[in-house]
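Take a look at the structure below.
Bear in mind these aren't lab numbers, they're just calculated from the coordinates by the rules spelled out. No experiment lies behind these values; they were computed from the predicted model shown. Neighbour counts run over all protein chains shown; Cβ positions are idealised from the backbone, glycine included.
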Amino acid sequence: MAATMPEPAPAFLRLHAISINEVRDLIGADAATRAWAEAEAAVLIPPPAPPQGFLARLFARPGTPQPPGSPTSADLDTLLSGHHAAPERAGVGWQILDHLVGRRAWGSLGLALDARAIADFDFALSLGGVPTDAALGRILRSPARLALTPAPGVSVGYLPCTALRQHADLIAAATIDDPGHAQIARTLAEFLARLPDWAIEAERNGRAAPDVVAFHWAQLG
């Protein structure tokens with residue numbers, strides 16, 4: 001019986017509270033940032049197989065090959081060196097960047113939303129009295145301008161902290177009838193409401209105030 005392929009994971013949106021300049025610093029990183037990134041990316045990249053002698057290779061059982069979409073140390077080096085990835089490795093590069101941004105961010109929020117669900121949620125916000133400037137999709141429509149090879153199904157945008165000052169209050173005050181949309185609104189408002197506290201913490205640590213950087217994956221896997 002033929003093996004069945006696993007179903008790809010659904011679309012996913014990740015919001016990270018981090019300065020866009022700190023994200024850009026990961027692409028073509030300096031020595032200190034590279035050392036940090038290599039340590040943080042270790043969980044994504046399997047260690048190289050130990051060298052084997054002739055007899056060991058002759059009698060070894062076939063191992064499970066690494067999936068072609070799995071990150072490698074070469075993919076990480078391409079990102080940190082600021083080089084453009086080959087088109088077939090571009091998505092992996094964005095996967096590594098998303099992971100590193102999440103590790104450096106002050107906070108992150110994940111939502112299982114495809115493009116249609118984001119549009120439906122923003123429409124519910126508008127019916128609830130939220131201006132279009134505070135729409136969730138606006139973050140993705142504001143390009144992050146990151147110097148990486150584009151990948152199908154991956155969208156990355158950001159809004160600066162100065163543009164987000166009133167969003168938490170506006171979204172929290174919206175009147176939304178649909179329970180699912182209401183829950184997303186509460187979760188999003190709580191995330192955005194923490195930005196001022198994260199900005200204070202960032203200043204204490206000599207870092208820039210966090211923006212909101214969004215990674216949207218049309219399909220994972």
- Item | segment 157-213 shape via C-alpha gyration tensor axes, a/c threshold 1.5 | prolate
- Message: Give me the extension gain from residue 116 to residue 203: residue separation times 0.36 nm, minus the current Cα-Cα distance, reported in nm with one decimal.
- Response: 27.6 nm
- Can you check what the net charge comes to around residue 35, using other residues whose Cβ is under 15 Å from the Cβ of residue 35 (Lys, Arg +1; Asp, Glu -1)? -2
- Task: For segment 193-210, just list the computed ³J(HN,Hα) in residue order, Karplus coefficients 6.51, -1.76 and 1.60, θ = phi - 60°, integers in Hz, with x standing in for Gly and Pro.
- Result: 5, 8, 4, x, 5, 5, 5, 5, 5, 4, 4, 5, 9, x, 10, 6, 4, x
- Task: Sum up the charges of everything whose Cβ sits under 13 Å from the Cβ of residue 110, counting Lys and Arg as +1 and Asp and Glu as -1, but leave residue 110 out.
- Result: 0
- So what J values fall out for segment 141-147 if you push phi through Karplus, 6.51 cos²θ - 1.76 cosθ + 1.60 with θ = phi - 60°, rounded to Hz, Gly and Pro as x? 7, 9, x, 7, 6, 9, 7
- Note on the structure: Looks like segment 74-115, by Cα gyration tensor root eigenvalues a ≥ b ≥ c and the a/c under 1.5 rounded cutoff (else prolate when a/b is bigger than b/c, oblate otherwise), is oblate
- Message: What does the net charge come to around residue 181 if you take all other residues with beta carbon closer than 12 Å to its beta carbon, with K and R at +1 and D and E at -1?
- Response: -3
- Task: Please get the size of the charge dipole for segment 73-221, origin at its Cα centre, with Cβ charges of +1 on Lys and Arg and -1 on Asp and Glu, quoted in debye to the nearest 20.
- Result: 320
- Task: Compare the peptides 157-164, 199-206 by average per-residue count of other Cβ atoms within 10 angstrom and give them in order, highest first.
- Result: 157-164, 199-206
